[in-house]
Amino acid sequence: MNLSYFFTNFAELEVGQHLYWQIGNISIHGQVFLTSWILLGALLVFISLGTKKMENDPKGLQNLLEFLWDYIRDLARTQIGEKVYRDWMPFIGTLFLFVFVSNWGGALIPWRLIKLPSGELGAPTADINTTIALALLVSLSYFYAGLSNKGWRYFEYYVHPTPIMLPFKILEDFTKPLSLSFRLFGNILADELVVSVLVFLVPLVLPIPVMFLGLFTSAIQALIFATLAAYYIGEAVEEHH
Amino acid sequence: MFVSYLFATEGGLFDINATLPLMAIQVVVLTYLLNSLFFKPVGKVVEKREEFVRGNITEAKKKLAEVEKLEAELQTQLLEARSEAAQIVNEAEKDSEKLYKEAIELANSEANTSKENARLEIENQTSSAREQLSQQADALSELIVNRLIHQT
């Protein structure tokens, strides 16, 4: 009886409900786009403000943006390697910023105060569509990186160091996007659920440490996603000897 | 009930639809936007500064090497000058010693000659005095003899 009570109320948290937008005969999750537009808009405004007046002696916002740029460059350079990291740095950086802004935006902004006809606003990365989209983009990019850098020799990677590896390497091409998307989706959704359940059960004090933990997880997930994407690209462009 | 939400045909946690490709397009567009708004301009500024700093460091290193070379040169010059000075002092000391010795010798010899001269003079005068004396003694003795003869 208790358990069914819990689940009925849990359902009131509107897990897995979406705000459907109908465009022609395709339907999309409106709440994901709403939050992502707000967050990415804020990110773009922030970046435009910071890069509006670039000086040789960085001040304020420019300092922060340069630190961010340096951080992303280090990430891309260590994973992809000195030779081609420049081509992929914007992509890796965009992944990092998108995931980070989505995660933190979902955790920090009290979206629940805005009532929607169906579903609720939250981190765009807590929707499986977003994370699969990101993961598939990563897959496409590492294929593209490998093929454009090494041509058909890219497929040597599948039989390196021995042809026995072939089935495992092919399997990896499927597990890579799968693990990327489900890791991010699971972590962010779980964090949101834990916080909402705790807020629902104990509305005072107790959710706060969990919220901080959520912020930490969110940042870590952004770093993990960007690092793994860069690592996959680096693996594809690496020269075997 | 919860499980039915997970896999509901309409809705559910794993409801994959057109959101996926649209989100992918949105991320690609975002990549281009961020590239032109963020990565390119910031990269340009940061790399320009890094170039500037690197140039400054190499220049400073070059200057430091030059300074060290000059310092070493100066050190050798200083050492040379010191040894030269020591040599000069040495020579001067020798010279002065020589001069001192010469002066003493000269003084000694002068003193000797004047001593000799004085001695000769004394001898001369003694002999002349003695001669005079003997002459006077002769004259006196003659006078005495004459007187004695005349008395008798």
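Just so it is clear, none of the values below were taken in a lab; they were calculated from the coordinates. Quick caveat, the model's predicted, so the values are computed rather than measured. Ideal geometry is used to build each Cβ from the backbone, glycine not excepted, and the neighbour counts take in all protein chains shown.
One residue alone among B:GLY55, B:GLY43 is surrounded by 10 or more Cβ atoms within 10 Å (Cβ to Cβ), closer than 27 Å to A:ASP74 by Cα and out of contact with any helix residue (DSSP H, G or I) (no Cβ under 9 Å at 6 or more places or on another chain), and that residue is B:GLY55.
Conditions (1) over 24 Å from A:ILE92 (Cα atoms); (2) small (Gly, Ala, Ser); (3) crowded, with 18+ Cβ neighbours inside 10 Å, marked per residue:
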{"site": "A:PHE185", "(1), (2), (3)": "no, no, yes"}
{"site": "A:PRO203", "(1), (2), (3)": "yes, no, no"}
{"site": "A:ILE208", "(1), (2), (3)": "yes, no, no"}
{"site": "A:PHE212", "(1), (2), (3)": "yes, no, no"}
{"site": "A:ALA219", "(1), (2), (3)": "no, yes, no"}
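When the range A:118-137 is filtered for residues that are assigned to a loop (DSSP other than H, G, I, E, B), facing another protein chain (nearest Cβ under 9 Å) and small (Gly, Ala, Ser), the ones remaining, listed by number, are A:SER118, A:GLY119. Condition first: under 21 Å from B:VAL29 (Cβ atoms), touching a His at 6+ places or on another chain (Cβ under 7 Å) and not basic (Lys, Arg). Can you find one or more residues in the range A:57-70 that meet it? No; the residues of the range A:57-70 include none that is under 21 Å from B:VAL29 (Cβ atoms), touching a His at 6+ places or on another chain (Cβ under 7 Å) and not basic (Lys, Arg). Sub-6 Å Cβ pairs linking a first residue in the range B:139-152 that is part of a helix (DSSP H, G or I) to a second residue that is surrounded by 10 or more Cβ atoms within 10 Å (Cβ to Cβ) and among the hydrophobic types (A, V, I, L, M, F, W, C), at least 6 apart or interchain, number zero. Considering A:TYR144, A:TYR158, the condition of being in contact with a Lys or Arg (Cβ under 8 Å, 6 or more places away or on another chain) and either farther than 24 Å from A:PRO90 by Cα or surrounded by fewer than 17 Cβ atoms within 10 Å (Cβ to Cβ) (or both) is satisfied by A:TYR158 alone. Does A:SER102 satisfy being of a type in the set (Gly, Ala, Ser), within 19 Å of B:VAL27 (Cα to Cα) and without any contact (Cβ under 8 Å) to a residue 40 or more places away in the chain? When the stated conditions are applied, A:SER102 does not pass them.
Restricting A:VAL195, A:VAL199, A:VAL210 to those that are touching a residue at least 60 places away in the same chain (Cβ under 8 Å), part of a helix (DSSP H, G or I), over 23 Å from A:TYR142 (Cβ atoms) and of a type in the set (A, V, I, L, M) reduces the list to A:VAL195.
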